[in-house]
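To start, the structure under review is shown below, and the notes come after it.
Read-outs throughout are calculated quantities, based only on the coordinates presented, and are distinct from any laboratory measurement. Remember, it's a predicted structure, so these values are computed and weren't measured experimentally. All Cβ positions, even for glycine, are placed from backbone atoms using ideal geometry, and neighbour counts span all protein chains on display.
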Amino acid sequence: MTLTLFDGAFLAVAGGPGNDADALAYITAVEAADGQALETAVKDAINAFVVGCKADGIWSAIKASCILAGARTLNGALVPLVGAAPTNNNFVSGDYNRKTGLVGNGSTKSLNANRADNADPQNSKHVAVYISSLPSVTSFYIASGNSNGINLSVSSTDTFSRLNSLNQVTTGGAASVGLAGLSRSSSASYTLRKTNANTNIVDTSQSPLTTSISIFTRTDSPTFYSNARLSFYSIGTSLDLALLDARVTTLMSAFAAAIP
C-alpha cells in the first residue's frame with residue numbers, strides 16, 4: 001500500500017501536521033520497546049490525549065507518568081510518557097492487558113515511580129491513577145509514606161488520603177472505577193477526586209518526604225499492596241483533576257475501541 005502525504009497512517013508514522021512532538025517521541029519509544037508498530041487508532045488516541053492536555057493547560061504539571069495500557073507489551077507499557085521510567089517490582093507479562101492495564105497481586109507487585117515526594121513543591125502537588133478494576137483488599141493505589149507523605153488508599157467502604165500532610169483523612173465510600181487523585185495548590189487544603197467528583201480536604205501541608213513515590217503499594221510500615229488493575233498514573237505539580245479525569249477517560253475509551 002502506498003501512503004500519500006495526507007494519509008492518516010502516514011501522519012501517524014511520520015509525525016506530519018497535527019502530530020504533537022511529545023506524543024510522537026513517546027509513541028516511537030513504545031514501538032521500540034514493543035518491537036512492532038502500534039495501530040494507527042492507538043497512536044491517534046495518544047496524540048489526542050497529549051494535545052488535549054496541552055490545550056487544557058495541565059500538560060506542564062505532569063512530571064512523571066506512564067500510560068499503563070495501549071502498548072503491545074509490558075515493556076512498552078512501562079515506557080514513561082513523562083519523566084523517569086518506573087522500576088518494575090515483580091510484574092510479569094501475564095499481569096498486563098492492553099485495554100485495562102496492569103494488575104497487582106496484593107502481596108509483592110509494585111512500581112517505583114522514581115520520583116521523590118519532595119521533587120515537587122510542598123504546596124503544588126498532584127498524584128493520580130486510573131482504576132480499571134477495584135481491589136478486593138485494603139490497599140494503596142499510590143503513596144510515598146506515612147506522616148507528611150502521600151497516601152491514596154482504599155478499603156471496601158472508605159477512601160483514605162494524605163497529601164504532604166500529617167493526618168490521614170477518611171472519606172466515606174471507596175473510589176469507583178475511573179480516575180482517583182489528589183491535588184494541592186495551597187497550604188490549607190487539597191482536593192480529593194474520586195467517582196467523578198471533587199472533595200475539598202482541609203488539612204495543613206507539611207514538608208514533603210524524600211521517599212520515592214510508589215504505585216500499587218506504600219513502602220512505609222505497615223505495608224499494604226494492591227490487587228487493583230491500573231491503566232495510568234501521573235505525578236507532578238498541582239492541576240485540575242477534573243480536566244485530567246476527562247482526558248484519561250477519553251483515552252481509555254479510545255483504546256477499548258481501537259484494540260482488537
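With 0.36 nm allotted per residue and the present C-alpha distance subtracted, the residue 243-residue 116 stretch has 43.3 nm of extension available.
Our summary of shape: the Cα atoms of the chain have principal axis extents of 61, 36, 30 Å, ordered from largest down, in whole angstrom. Using θ = phi - 60° in the Karplus curve 6.51 cos²θ - 1.76 cosθ + 1.60, the 3J(HN,Hα) couplings for the stretch 128-135 round to 7, 9, 10, 8, 8, 8, 6, x Hz; x is entered for Gly and Pro. Note on residue 171 and residue 90: the model spin-label points, each 7 Å out from Cα along the C-beta direction, lie 3.0 nm apart. With the convex hull of the Cα atoms taken as the outline of the stretch 119-260, the averaged projected area works out to 7.9 nm².
Sorted on the mean count of surrounding Cβ atoms within 10 Å across their residues, most packed first, peptides 194-207, 173-186, 122-135 read 122-135, 173-186, 194-207. Inverting the pair-averaged 1/r between distinct Cα atoms of the stretch 205-258 gives 14.1 Å as its Kirkwood hydrodynamic radius. Here the label points at residue 188 and residue 29, each 7 Å from Cα along the C-beta direction, are separated by 3.9 nm in the simple model. Available extension along the chain between residue 156 and residue 223 is 22.4 nm, counting 0.36 nm per residue and deducting the alpha carbon span.
Between 0 and 90 degrees, the angle of helix 21-34 with respect to the longest Cα principal axis of the chain falls at about 90 degrees. Over the residues of the chain, the helix contribution to mean residue ellipticity at 222 nm works out to -7000 deg cm²/dmol, using -39500 (n - 2.57) for each DSSP H run of at least 4. With viscosity 1.002 mPa s and temperature 20 °C, the Kirkwood radius over alpha carbon pairs of the stretch 72-139 converts through Stokes-Einstein to a diffusion coefficient of 156 µm²/s. How big is the gap, in Å, between the Cα center of the stretch 101-128 and the Cα center of the stretch 182-244? The distance from the Cα centre of the stretch 101-128 to that of the stretch 182-244 comes to 8 Å. Residues whose amide H lies under 5 Å from that of residue 150, counting only those 5 or more places away or on a different chain, are 144, 145, 164; hydrogens are built 1.01 Å from N in the peptide plane.
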